[in-house]
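Step one of this worksheet: look at the structure below.
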Amino acid sequence: MVSSELPIIQAPMAGGPSTPALTAAVAGAGGYGFLAAGYLSPDDLRDLISATRSITGTPFGVNLFCPSTPADLGPVRAYGQVLQSESDRLGVALGEPRWEDDAYDAKVEIVESARVDLVSFTFGCPAPATIDRLHGADCRVAVTVTSPEEARAAERAGADLLLVQGTEAGGHQGSFLDLGPNVRPLLSLVDEVRASARVPIVACGGIMTGIDAVAAMRQGAVGVQLGTAFLCSTEAGTSATYRRALLDGTYPGTVLTRAFSGRYARGLANEFALRYDASAPEAYPEVHHLTRPLRAAATRAGDPTTPNLWAGQGWRSIVSQPAGRIVRQVAVEMEAAR
């Protein structure tokens with residue numbers, strides 16, 4: 001499954017939370033760590049892999065974003081007009097909406113040459129030729145799926161592992177055959193995928209405790225992936241504004257929205273998420289680039305009303321403590337729940 005003592009996997013969290021220190025701390029406690037390549041330059045990814053290897057000799061994974069299809073910029077520019085009042089309020093210009101592939105080919109080459117232990121993909125399924133290349137470099141391949149149809153597509157392409165993501169998951173949904181909001185609960189989805197899967201399944205979405213983990217593994221998962229649980233860990237690169245919103249319970253719940261990036265994602269139901277979801281077009285990464293200056297400015301100002309505050313449905317159980325302690329606590333709870 002994964003090269004770790006425990007079936008506890010740290011989710012890759014792009015945009016800041018994932019750090020070499022977090023990856024190494026999770027690995028040091030017996031879990032499996034991941035780096036997030038999303039939004040990084042190829043040089044930064046190369047440096048991140050090197051930095052992680054300098055502090056842990058344990059295998060770890062790297063997550064890549066599969067490229068999307070370019071969107072019609074008309075609706076995106078219209079959305080920009082809707083957001084002009086936010087631009088004026090924060091005193092920053094909106095970003096230029098543009099399509100780009102997150103340097104996909106260069107990043108595939110980097111993880112291949114670095115012979116990364118496990119390469120996971122989200123927002124799409126890599127081509128069989130890409131998976132073959134990675135297999136040739138002794139890299140195993142995982143694909144994030146949100147339906148049985150996506151699971152079958154990933155298996156046909158040659159994936160070694162399926163990361164089955166339920167609606168409870170925080171952050172972006174990894175859907176690629178149906179880009180609407182994924183409303184499938186994790187346990188029933190794992191059960192559906194397991195019925196026909198020929199490769200191992202890891203359950204992802206809303207898992208915060210050992211009880212959550214055991215419930216998913218009883219449905220047939222061989223491991224569980226936790227993201228939100230690590231957001232306020234000592235080693236995470238989560239911003240102070242983001243941490244405070246989580247730990248103080250600033251917002252009462254989460255919501256699926258594409259207001260921030262043009263792709264459905266789950267986060268705390270702050271003012272921006274609620275006010276602009278209905279106006280946002282399906283256009284990733286164009287909307288991501290459009291709203292990015294607003295989100296960055298608000299984060300710098302300590303204003304939680306505007307940034308994306310990704311969080312899974314189990315976020316109320318979040319704690320501020322070292323990642324290794326979180327891993328060990330989940331492991332103890334799993335043992336007690338078995």
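Scan (1) in a loop (DSSP other than H, G, I, E, B); (2) more than 28 Å from residue 293 (Cα to Cα); (3) in contact with a Ser or Thr (Cβ under 9 Å, 6 or more places away or on another chain) for the single condition residue 93 breaks and write down its number. Condition not satisfied by residue 93: (2).
The rows are residues; the columns are (1) of a type in the set (Asp, Glu); (2) in a loop (DSSP other than H, G, I, E, B); (3) touching a residue at least 60 places away in the same chain (Cβ under 8 Å).
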residue: 242; (1), (2), (3): no, no, yes
residue: 250; (1), (2), (3): no, yes, no
residue: 272; (1), (2), (3): no, no, yes
residue: 275; (1), (2), (3): no, no, no
residue: 288; (1), (2), (3): no, no, no
residue: 298; (1), (2), (3): no, no, yes
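Per-residue answers, yes or no, for (1) touching a residue at least 12 places away in the same chain (Cβ under 8 Å); (2) among the aliphatic types (A, V, I, L, M); (3) exposed (fewer than 15 other Cβ atoms within 10 Å of the Cβ):
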| position | (1), (2), (3) |
| --- | --- |
| 10 | yes, no, no |
| 19 | yes, no, no |
| 36 | yes, yes, no |
| 64 | yes, yes, no |
| 75 | yes, no, no |
| 82 | yes, yes, yes |
| 86 | yes, no, no |
| 112 | yes, no, no |
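With respect to the stated conditions, residue 300 fails to be outside the structural domain of residue 174 (by TED's automatic domain parsing), closer than 17 Å to residue 82 by Cβ and not hydroxyl-bearing (Ser, Thr, Tyr). With respect to residue 186, determine if the residue is of a type in the set (A, V, I, L, M) and either surrounded by 19 or more Cβ atoms within 10 Å (Cβ to Cβ) or modelled with pLDDT of 95 or more (or both). Criteria met by residue 186. Filtered by the rule that a residue be assigned to a helix (DSSP H, G or I), buried (at least 24 other Cβ atoms within 10 Å of the Cβ) and either without any contact (Cβ under 8 Å) to a residue 40 or more places away in the chain or touching a Ser or Thr at 6+ places or on another chain (Cβ under 8 Å) (or both), region 194-240 gives 216, 229.
One residue alone among 321, 329 is more than 19 Å from residue 96 (Cβ to Cβ), outside any loop (DSSP other than H, G, I, E, B), modelled with pLDDT of 95 or more and not charged (D, E, K, R), and that residue is 329.
The C-beta contact set for region 152-167 (first residue touching a residue at least 24 places away in the same chain (Cβ under 8 Å), second residue acidic (Asp, Glu) and not in a loop (DSSP other than H, G, I, E, B), distance under 8 angstrom, 6+ apart or interchain) comprises 158/132; 162/155.
The values are calculated or read from the model by the stated rules, or taken from the named source; none is laboratory data. In this text, all values refer to a predicted model and were calculated from it rather than measured experimentally. Because the Cβ atoms are built from the backbone with ideal geometry, glycine has one as well, and the counts that use them run over all protein chains shown.
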